[in-house]
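This report refers to the structure that appears directly beneath it.
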Amino acid sequence: MKSEAWIFGICTAFLVLVTPAYWFITVASEEGGDWTGTSALVMCTLLFLMIWIYLGFHAIKMDPRPEDREDGDIAEGAGEYGFFPPFSWWPLWAALTFGLVVLAVAMAAWWLVIIAAVLGMLATAGWNFEYYRGEFKH
């Protein structure tokens, strides 16, 4: 985790330097400062800072992984990585209903927003509970 924390720390430092420089460069133009770009850079800086702090706290709490140690061996990282779900149709239905909600909002068809939202809740519930029923039950 230390290496990942360092990467995000370096990116945060870079954005801390670039954001005010961007503002001062755009202020010098005839149109004035660019609020949109500066706001985006500030938000990116804060997001990188948040991830850096999170990874830094977890790097302190957990034991060093093999890739974090100088004497780490590739074989030490072998083993089970976790549970990977099998094939599922539920993400497709959830995405389609979300797309229908967005389309209905764009067309101002509020009745369709309600129908699509209900279908989206059903698709999300099916996706969340698919391992409690059927062939993938465990």
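The values are calculated or read from the model by the stated rules, or taken from the named source; none is laboratory data. As the structure is a computational prediction, the values presented were derived from the model and not from experiment. A quick note on method: Cβ atoms are made from the backbone with ideal geometry, for glycine too, and the neighbour counts reach across all protein chains shown. Note: areas computed on protein heavy atoms with side chains; ligands, DNA, RNA excluded. Shrake-Rupley method; radii C 1.70, N 1.55, O 1.52, S 1.80 Å.
At-a-glance table
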| item | result |
| --- | --- |
| Cross-chain or 6+ apart pairs with Cβ under 8 Å, the range 108-136 first and farther than 13 Å from ALA94 by Cβ and hydrophobic (A, V, I, L, M, F, W, C), then part of a loop (DSSP other than H, G, I, E, B) and modelled with pLDDT under 90 | PHE136/PRO85; PHE136/PRO86; PHE136/GLU130 |
| Flag for PHE48 being closer than 27 Å to LEU17 by Cα, of a type in the set (Phe, Trp, Tyr) and within 22 Å of the chain's Cα centre (by Cα) | yes |
| Where a residue in the range 66-86 is over 16 Å from MET1 (Cα atoms) and its partner, wherever it lies, is hydrophobic (A, V, I, L, M, F, W, C) and open to solvent by 50 Å² or more (accessible area, probe 1.4 Å), with Cβ under 7 Å and at least six apart | PRO86/PHE136 |
| Number of positions in the range 54-90 that are open to solvent by 100 Å² or more (accessible area, probe 1.4 Å), of a type in the set (A, V, I, L, M, F, W, C) and either under 30 Å from MET121 (Cα atoms) or more than 22 Å from the chain's Cα centre (by Cα) (or both) | 6 |
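Rundown of residues vs (1) surrounded by 12 or more Cβ atoms within 10 Å (Cβ to Cβ); (2) more than 20 Å from the chain's Cα centre (by Cα), yes/no style:
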position	(1), (2)
MET1	yes, no
ILE7	yes, no
PHE14	yes, yes
PRO20	yes, yes
TRP23	yes, yes
GLY32	no, yes
THR36	no, yes
